[in-house]
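We did not get these values from a lab; they are worked out from the coordinates using the rules stated. All figures in this text were calculated on a predicted structure; none of them were measured in a lab. Cβ: placed from backbone, ideal geometry, glycine included. Neighbour counts: every protein chain shown.
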Amino acid sequence: MSNLTKPAVKKVRKALSDAGMNDTVIELEETAKTAEDAARATGAELGAIVKSLVFIVGEQPVMALVAGDHVCVPENLPRALNLEGEVSKASADDVKAATGFTIGGCAPIAHDTVLPMVIDVSLKRFDALFAAAGHPHCVFPTTVAELKRLTGGIISYNIAVPI
């Protein structure tokens, strides 16, 4: 059975369609579970891979979309999102509860709940990006402008630094 028919991937495909975009989800032969894996599988530069990272600020789950060649600076998330509270990395259960996706295939769209979202400005270096599409073997091509439109995310200069 194709991974494109799995429920989580179908959710992403529907979200793209509902947003007036083409269903561009790609099923990869190799895994895209990590940014490094996704870069190898797609042939893209590491920085063009969008990492969808979930954190908890206070009690609020939030998502940071970070370039594959950068690491998130969690302590900068509250200010970027105009929230207050301690920041912690979300557990696998927290990620699933907030997004409906499992780690390794967590898409930046089609979440079960509305999450405050922040986008790493360094992603603007690339005309084409790849983001997870609900399964470790599925991604979709996108751009920063599309991610901003699809997620309502805030573009930030201080949520990530180069690895």
Residues whose placed amide H lies under 5 Å from that of Ile155, excluding near-sequence neighbours: Ile119
Size of electric dipole in the chain: Cβ of Lys, Arg +1 and of Asp, Glu -1, about Cα centre, debye, nearest 20: 320
Low-density loop cleavage sites - GluC sites (Glu not before Pro) in region 44-81, where at most 13 other Cβ are within 10 Å (DSSP): Glu59
Cys72, Cys106 arranged by Cβ crowding within 10 Å, fewest neighbours leading: Cys72, Cys106
Nearby aspartates and glutamates by direct alpha-carbon distance to Lys148 (threshold 17 angstrom, same-chain neighbours under 8 apart not counted): Asp18, Asp120, Asp127
When each of Lys51/Lys96; Lys96/Lys124; Lys6/Lys51 is checked by Cα-Cα distance, pairs over 25 Å: Lys96/Lys124
Per-residue Cβ neighbour rank within 10 angstrom, fewest leading, Met117, Met21: Met21, Met117
